[in-house]
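The structure appears right after this line, and notes come after that.
Bear in mind that the values in this text are calculations on the coordinates, not laboratory data. Computed from a predicted structure; not experimentally measured. Heads up, the Cβs are rebuilt from the backbone with ideal geometry, glycines too, and the neighbour counts pull from every protein chain shown.
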Amino acid sequence: MSYRASSAAPFISRKLDEPYEKLLGGEAAHRCLATSYADALYPLETRFSWDDLYSALDVLPLTLKAENVLMLIEHITGSAPRLVEAGQLARRITNLTGQLGLH
């Protein structure tokens, strides 16, 4: 008998409970992290469109977006000014996440 794998994506909320969402940067932080992620990966990963790369990160909550951006920064070389800004935001989010006890 074959089993179909279910996706957890419908059960992951993009927004954190208030006041955490606002404290971590809100919608502007979502856009900054997802845009910089897509900008950094698009020239490298040509199998996916920029919109696909943006959407892949945009569905995640800020805490997971920040972790993904920080992992990406470890592997990207060269000049990426927007990624530097997103990295600073991601570090701030991960620091606050730890202080607030969020996961």
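So how do 33-41, 20-28, 63-71, 47-55 stack up, highest first, on mean other-Cβ count within 10 Å?
Working: 33-41: 22.1, 20-28: 15.0, 63-71: 18.7, 47-55: 13.4.
Output ranking for 33-41, 20-28, 63-71, 47-55: 33-41, 63-71, 20-28, 47-55.
In segment 18-100, what is the volume of the convex hull around the alpha carbon atoms, normalised per residue and reported in Å³? Can you show the working numbers first?
On the way: hull volume 6.5 nm³, N = 83.
Each residue corresponds to 79 Å³ of Cα convex hull volume.
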